Amino acid sequence: MGTAFSVLISVIGDLLCWLGLSFRSTQSIEAENLFLRRQLAMYVERGIKPRRIDPVTRIQLAFLSRFCNWCDALVAVRPETMIRWHRAGWRLFWRLKSRPGRPPIPKQVQALIRRMGTENPTWGEERIANELLLKLGVQVSPRTVRKYLSPRPPGRPRGDLRWSTFLRLHAQGIIACDFLVAVTATFRLLYVFVVIEHRSRRLVHCNVTTHPTAAWTLQQLRETVGVGDQYQYLLHDRDSIFAEHLDESVSRLGIKVLKSPPRCPKANSICERVIGTVRRECLDWLIPLSESQLRSILRSWIAHYNAGPPRMALGSGIPDPPPAISDLRKPCSRHRREDSYAVRATPVLGGLHHEYYFAPAAA
């Protein structure tokens, strides 16, 4: 760092001297040049060895050699040494110009990535990269996003999903259901019933009760499959709420009931995963005061879940995808956007999550 600063100071000093010489007459400069050459010839005749040339002087001599016939004026070193200095300078120039790796993304995209990571603490790099690609049309790899996010503690391994192949092949007509427990501010237990569609990962039904029974659960399933969707299979665990008469009533609706094996939660992995998502993204951050407030919170979050964040299980897709980005908002490059549009954010659940979209920039 000190050598570079010395070179810069020396080059600036030489430029100032050269600028001062431009105001002098040609006859005066030639006379001074001859005067200096005669004095240098006296040192050459005596055979005095000059001191070792430092890097600053090398750079200065290599730079000044472009403006004169240096072959006749070179005395301190041999011409081969001067040529070697030139080559070393060009190698350094092209090494700095041809640095490996991709160029950095624009500062605005970096700031947007940090903003998403700060406003959404539960999001990872893949979630943010998919959000940028699908919602804003900015293509950034998850590894690039990871560079601009603060390091996160390693999570628990997801493990292997034994039924993943079966569920992927038969997801066209499968729905799964299960219960989860929520606790109010008064330590009252509330039971949340969720139904998810395997094909689109869309939450098709959700309701809350204080006393879950088989009759109440059957009514929820009737409301779910009575919308007009043609489902073929219903997957649930072996909880006592799912009684035999409940399965028989569901079978009369033309749906085959599939019970997961005992003590195998991975058999109903998609529903178990969405229950974990409900807790991590909603219930772990809010404390409901009553049953009606919990139902209102889940209604707002489910609307965000179905139409907001991309899902990696869908290939970075969305259960209810928004309208495609119009041609006016398509970027001319991967990272550049038009200045006439700005990124806006809509808070969800008081700012726990955000949905990003483009809107015309304010005048």
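The values are calculated or read from the model by the stated rules, or taken from the named source; none is laboratory data. Quick caveat, the model's predicted, so the values are computed rather than measured. Every residue, glycine as well, gets a Cβ built from its backbone with ideal geometry; the counts of neighbours run over all protein chains shown.
Worth a mention:
- Those residues of the range 211-232 which are modelled with pLDDT of 90 or more and among the aromatic types (Phe, Trp, Tyr), in sequence order: 216
- Candidates 79, 55, 103 - the one that is over 30 Å from residue 305 (Cβ atoms), modelled with pLDDT of 70 or more, touching a Cys at 6+ places or on another chain (Cβ under 9 Å) and of a type outside the set (S, T, N, Q): 79
- Residue in the range 177-196 that is modelled with pLDDT under 90 and either of a type in the set (Lys, Arg) or part of a strand (DSSP E or B) (or both) present: no
- Residues within the range 223-266 that are touching a residue at least 60 places away in the same chain (Cβ under 8 Å) and among the charged types (D, E, K, R), tallied: 2
- Some residue of the range 102-112 being of a type in the set (Val, Ile, Thr) and over 39 Å from the mean Cα position of the chain (by Cα): no
- Looking across the range 287-308, the residues that are more than 18 Å from residue 204 (Cα to Cα) and surrounded by 15 or more Cβ atoms within 10 Å (Cβ to Cβ) come down to 288, 291, 293.
- Inside the range 84-118, residues that are hydrophobic (A, V, I, L, M, F, W, C) and over 30 Å from residue 136 (Cα atoms) make up a count of 7.
- Residue that is farthest from the chain's Cα centre (by Cα) [pool: residues in the range 339-363 that are at pLDDT below 80 and surrounded by 14 or more Cβ atoms within 10 Å (Cβ to Cβ)]: 341
Per-residue answers, yes or no, for (1) touching a His at 6+ places or on another chain (Cβ under 9 Å); (2) within 29 Å of residue 307 (Cα to Cα):
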site	(1), (2)
198	yes, yes
202	no, yes
208	no, yes
211	no, no
218	yes, yes
238	no, no
258	yes, yes
